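Asks: Sharing a structure with you now.
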Amino acid sequence: MTGYNKNDPETIQQMFGSIAKNYDKANGILSMQMHKHWNAQLVEQIAKSKQSMSLLDLCCGTGDIAFQFLKKFQHPQSAILVDFCEEMLVCAQEKAQRFNLSHHDIKYIQANVQELPLESEQVNCVSMAYGIRNVKDPLKCLQEAYRVLKPGGMIGILELTKPKNPLIRFGHSLYLRIVLPTLGKWITANQEAYQYLCNSIGTFIPSIHLEELLKKAGFVYTKIQPLTFGVATILIGWKPSNA
């Protein structure tokens, strides 16, 4: 039985710290590179406006979403990368050196996404990829995202989900239960971490319920966009302009 439990956040913090250096390699192999397509879809959603923008990337990991966002703009933008795992933030800072991002304003903050050390109405958009299913209280996280967004701002969430098609869902389930933990052990030497991550996909609330939490947090004009037969899903919400 796994010792990792999102209701004990310190265990999740330790888990991500243990796999941080091999996290990108593992994502590429385990998703068969599909995560790049999913990430690009999320970035397209949050970067539609070509005006001056500020991004808050929650559970930023090694920074893939924030850096793809910034690379779309020639003129300076600002991005705040938040993760509660110090090792992930270190990897993100190292990765940033590979890109020509010096004209952008990038900040790295180690913090709990349920209690953001940021002023209200500070950013134009919030992104969160593969993180919300590992948060102890998803609603509290969404309420914090709502608080720091400027009126009219948007949130984009990308999460791994369960396909609805029975045949695809069966194959997906076998992959999660058998293949992914074995590969995860080979890549990162921590099979237990990937066993937890597999279980977290299967036990997380359906997308329709996550959309309900977005609405409960105050977001409007919400929408759900399944990707790759529902293996991943993007959810979008907007903070009312008159909020």
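Since every read-out is calculated from the coordinates, none of them should be taken as a lab result. Keep in mind that this is a model prediction, so the values were computed, not measured. Glycine gets a Cβ as well: all are built from the backbone with ideal geometry, and neighbour counts include every protein chain shown.
Asks: With the cut-off at 19 Å, tell me which of the pairs K36/K95; K95/K150; K36/K71; K216/K239; K25/K95 have Cα atoms farther apart than that.
Replies: K95/K150
Asks: What span do the alpha-carbon atoms of the range 1-129 cover on each of the three principal axes, reported in whole Å from largest to smallest?
Replies: The Cα atoms of the range 1-129 stretch 49, 36, 25 Å along the principal axes, largest first.
Asks: All other residues with a Cβ under 11 Å from the Cβ of I187 taken together, and with Lys, Arg as +1 and Asp, Glu as -1, what is their net charge?
Replies: Charge balance near I187 sits at +2.
Asks: When each pair of different Cα atoms in the chain is counted once in the 1/r mean, what is the Kirkwood radius in angstroms, to one decimal?
Replies: Over the chain, the inverse of the mean reciprocal pair distance is 18.1 Å.
Asks: Of all DSSP beta bridges in the chain, what percent run antiparallel (nearest 5)?
Replies: Bridges in the chain are about 40 percent antiparallel.
Asks: Amide H of V126 versus every other amide H placed in the peptide plane: which residues, excluding those fewer than 5 positions away on the same chain, fall under 5 Å?
Replies: Amide H to amide H, under 5 Å and 5 or more residues apart or across chains, V126 pairs with L56, M154, I155, G156.
Asks: With unit charges on the beta carbons (Lys and Arg positive, Asp and Glu negative) and the dipole taken about the Cα centre of the chain, which residue among C125, L139, F229 sits farthest to the positive side?
Replies: F229
Asks: Counting other Cβ atoms within 10 Å of each Cβ, which trypsin sites (Lys or Arg not before Pro) in the range 24-73 have at most 16 and sit in a DSSP loop?
Replies: K48, K50, K72
Asks: Kirkwood Rh, Cα Rg: Rg to Rh for the range 102-172?
Replies: Ratio value, two decimals: 1.10.
Asks: Now a separate question. Treat every Asp and Glu Cβ in the range 9-238 as -1 and every Lys and Arg Cβ as +1, leave all other atoms uncharged, and give the resulting dipole magnitude about the Cα centre to the nearest 20 debye.
Replies: In debye, rounded to 20, the range 9-238 gives about 740.
Asks: For the range 56-107, which chymotrypsin sites (Phe, Trp or Tyr not before Pro) are in a loop by DSSP, counting at most 13 other Cβ atoms within 10 Å?
Replies: Within the range 56-107, the qualifying chymotrypsin sites (Phe, Trp or Tyr not before Pro) (loop, at most 13 other Cβ atoms within 10 Å) are F99.
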